[in-house]
Amino acid sequence: MRKNPFQPVYDACNLRDPQDKVENLPAWPTHVDLELTNNCNFRCLMCAQRVPLRNKAKGFMAEPVFERLVSELKGPAIPVRVIGWGEPTLHPDWLRFVDQAKQAGLMVHFCTNGGLIDRAQMRALVDMGLESMKFSFQGVDRKSFREMRNRDYFDQLRAKVRAFSELRGDRPLPFLHISTTITYESADQVRAFRREMSEYADLVTVGRTFFDTVDPDQGDFTDSEKELLARLMPKESVVKRHPKFCPEVFDKLTVNWDGTVSACCRDFDNLMLAGDLKSESLQECWVSERMEGYRRLLAQRKYQALALCRTCYDYMGLSLPGLQET
């Protein structure tokens, strides 16, 4: 069985309680999330990107911003996850950027919806020694995927997962992760999805879809999408319970496409900024007064004090009979 090279990074996020981390903050985050773009090729029904952005424009990361980040991360060898509020393979230089990060000695995780990546690009990721690859699904079958993604692409994505697994062959890396979230899907459907995906992937995770970040009366929703939201929102099955503690502000930073640095991976509209790489180093952002303020609030579980935290739930760790633990 392949081991997830990022697992020690994730485990480190749970070693100490939040108050101890406030008082004894490490010199660097355990890892950094990197958003190459917040543009996307899908129009997912539940995505916060479907509502109007007020503070953050759409765009693609410029090479000087990327190079400055990699230059700072390579000394302490901080792992990077290429993820964010868009599809990274839309960036014209995404494959070259990933290769540059690898050449700098960084451990890299790459997340994609799979809609654009081709066989040659997947082979390149395998050959360059990518540590971890995640294909993001929605739902667990063709119908539920199409509802949420607004695109009939479930079967094609399954084929790409199989192709990636074949290209990897017997190599120990990349670690292959399949993730999805569900709304109303049955236990039998979840089990069938897990069973099939486990033939190719090293890890299959099933979480819960929630709709708190979208408003059918705002954004660019069509009439048919509004009707679908009206049917699906009452079926939302996530238990709205906050996590025990927030790993984001204590362990990680998110670098947005424009060089702004956010305290939270859910920050789709620059609501919890920690700084800006155009005028500060990443380490300065890590120890900034704004980050310290976020940490103090969340160490005391004052979720209502921060707009993003009010609707942040433990959608992956929930244990609901017959579904989440199937």
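The values are calculated or read from the model by the stated rules, or taken from the named source; none is laboratory data. These numbers come from a predicted model, not from an experiment. Note that each Cβ is placed from the backbone with ideal geometry, even for glycine, and that neighbours are counted across all protein chains shown. Calculation scope for accessible area: heavy atoms of the full protein, side chains included, ligands and nucleic acids excluded. Shrake-Rupley method; radii C 1.70, N 1.55, O 1.52, S 1.80 Å.
Would you mind classifying segment 1-148 by shape? Square roots of the alpha carbon gyration tensor eigenvalues, ordered a ≥ b ≥ c; an a/c under 1.5 is rounded, otherwise it is prolate if a/b is larger than b/c and oblate if not. Can you show the working numbers first?
Values: a/c = 1.42, a/b = 1.29, b/c = 1.10.
Note, shape of segment 1-148 comes out rounded.
Counting only protein heavy atoms and a 1.4 Å probe, tell me what percentage of segment 1-144's accessible area is made up of carbon and sulfur. Show your work: numbers first, answer last.
Working: 3180 of 6070 Å².
Exposed carbon and sulfur together represent 52 percent of the surface.
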TODO: Mind checking which aspartates and glutamates have their Cα closer than 12 Å to the Cα of Lys56? Skip sequence neighbours fewer than 8 apart in that chain.
DONE: Asp258, Asp267, Asp269
TODO: Could you pull out every one of the aspartates and glutamates with an alpha carbon less than 17 Å from that of Lys226, ignoring same-chain neighbours closer than 8 positions?
DONE: Glu147, Asp212, Asp215, Asp217, Glu236
Task: Unit charges on C-beta of K, R, D, E only; dipole of the chain, Debye - done: 560
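If each DSSP helix of 4+ residues adds -39,500 (n - 2.57) and the sum is divided by the residues in the chain, what number results at 222 nm, nearest 500 deg cm²/dmol?
Here the helix-only value at 222 nm equals -9500 deg cm²/dmol.
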Task: Spherically averaged projected area in nm², based on the convex hull that wraps the Cα atoms of the chain - done: 15.8
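Can you compute the charge dipole magnitude of segment 208-284 about its Cα centre, using +1 on each Lys and Arg Cβ and -1 on each Asp and Glu Cβ, nothing else charged? Give it in debye, rounded to the nearest 20.
Numbers: 10 positive and 16 negative charges, 121 e Å.
Magnitude of the dipole: close to 580 debye.
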Task: Too-long pairs where the Cα-Cα distance tops 30 Å, listed order kept, from Lys74/Lys240; Lys3/Lys160; Lys160/Lys244; Lys3/Lys102; Lys102/Lys244 - done: Lys74/Lys240; Lys160/Lys244; Lys102/Lys244
TODO: Keeping the other protein chains in place, figure out the carbon and sulfur percent of the accessible area of segment 188-303, with a 1.4 Å probe.
DONE: 50
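Which of the peptides 249-259, 134-144 is most tightly packed, and how do the rest follow, judged by the mean count of other Cβ atoms within 10 Å per residue?
Numbers: 249-259: 23.9, 134-144: 20.5.
Result, highest mean first: 249-259, 134-144.
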- [ ] Using label points projected 7 Å from each Cα along Cα→Cβ, tell me how many nm separate Met233 and Ala305, to one decimal.
- [x] 3.0
Task: Cα centroid separation - segment 220-246 against segment 63-88, whole Å - done: 32
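For segment 180-326, how big is Rg over Rh, using alpha carbon atoms and the Kirkwood form of Rh?
Numbers: Rg = 18.2 Å, Rh = 17.7 Å.
Here Rg/Rh amounts to 1.03.
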Task: Cα-based Rg of segment 105-232 normalised by 2.2 N^0.38 Å, two decimals - done: 1.16
Task: Selection from Gly75, Cys111, Pro64 lying farthest towards where the dipole of segment 1-120 points positive, charges on Cβ - done: Cys111
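Which of the peptides 234-243, 148-157 is most tightly packed, and how do the rest follow, judged by the mean count of other Cβ atoms within 10 Å per residue?
Numbers: 234-243: 14.7, 148-157: 17.3.
The densest-packed peptide leads the list: 148-157, 234-243.
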TODO: Write down the accessible area per residue of segment 1-130 in Å², having rolled a 1.4 Å probe over the full set of protein chains.
DONE: 44
Task: Difference of contour (0.36 nm per residue) and Cα-Cα distance, Glu166 to Thr213 - done: 13.2 nm
TODO: Any aspartates and glutamates with Cα under 19 Å of the Lys21 Cα? List them, leaving off those in the same chain fewer than 8 positions away.
DONE: Asp11, Glu248, Asp251, Glu284, Glu289, Glu292
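What is the extension gain from Lys58 to Asn24, computed as 0.36 nm multiplied by their sequence separation minus the C-alpha to C-alpha distance, in nm to one decimal? Kindly include the intermediate steps, with their values, before the conclusion.
On the way: separation 34, 0.36 × 34 = 12.24 nm, distance 3.64 nm.
The span from Lys58 to Asn24 would gain 8.6 nm if fully extended.
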Task: Farthest toward positive dipole pole in the chain [+1 Lys/Arg, -1 Asp/Glu at C-beta], among Ser165, Leu282, Gln100 - done: Ser165
- [ ] For each cysteine in the chain, check whether another cysteine's C-beta sits under 4.7 Å from its C-beta; list those where none does.
- [x] Cys13, Cys40, Cys111, Cys246, Cys264, Cys265, Cys285, Cys309, Cys312
Task: segment 224-273: C-alpha gyration tensor shape, a/c 1.5 cut-off, then a/b vs b/c - done: oblate
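May I ask you to compute the full-extension gain from Lys278 to Lys226, defined as 0.36 nm times their residue separation minus their alpha-carbon distance, rounded to one decimal in nm?
14.8 nm
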